[in-house]
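Here's the structure we're looking at; comments come further down.
The values are calculated or read from the model by the stated rules, or taken from the named source; none is laboratory data. Please read these numbers as outputs of a predicted model, since none were measured by experiment. Glycine gets a Cβ as well: all are built from the backbone with ideal geometry, and neighbour counts include every protein chain shown. When the accessible area is computed, the model is the full protein with side chains, heavy atoms only, and any ligands, DNA or RNA have been set aside. Shrake-Rupley method; radii C 1.70, N 1.55, O 1.52, S 1.80 Å.
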Amino acid sequence: MRGVGPGRVVGNVLASLKISALLLFIVAGFAFGTGAMANLSTPAATPAVGSWLFALVPVLFAYAGWNAASYVAEEI
């Protein structure tokens, strides 16, 4: 029971650090980026089906990672 309070504080601090770092990256991208807004409105070519499927591989790895994390948490 003693570990719940300090663990909560550590979790909150780490979560706020992650959010702050993400916001810092976004602000730095807008501040130091050299892109143009015109690049966002140009139509892109339709990707091939195989390319679209290959793009889903990292998504599946990310999902498997979160899925496996629950099994590790169960063992701990």
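For the pair Leu17 and Leu56, label points projected 7 Å from Cα toward Cβ lie 3.7 nm apart. Computed from backbone phi with θ = phi - 60° and the Karplus coefficients 6.51, -1.76 and 1.60, the 3J(HN,Hα) list for the range 30-40 is 6, 6, 10, x, 10, x, 10, 5, 5, 5, 7 Hz; x is used for glycine and proline. Note that the range 5-17 has calculated 3J(HN,Hα) couplings of x, x, x, 5, 5, 4, x, 5, 5, 5, 5, 5, 5 Hz, one per residue in order, obtained from phi through the Karplus relation 6.51 cos²θ - 1.76 cosθ + 1.60 (θ = phi - 60°); glycine and proline are x. Based on protein heavy atoms only, the chain ends up with 95 Å² per residue of surface accessible to a 1.4 Å probe. Between the helical axis of 57-75 and the longest alpha-carbon principal axis of the chain there is an angle of about 0 degrees. Checking (i) 26, 14, 10; (ii) 21, 13, 11; (iii) 37, 25, 6 against the coordinates, the calculated semi-axes √(5λ) of the Cα gyration tensor in Å falls under label (iii).
Would you mind calculating the gained length between Glu74 and Val49 on full extension (0.36 nm times residue separation, minus the Cα-Cα distance), in nm to one decimal?
Details: separation 25, 0.36 × 25 = 9.00 nm, distance 3.80 nm.
Extra length from Glu74 to Val49 when fully extended: 5.2 nm.
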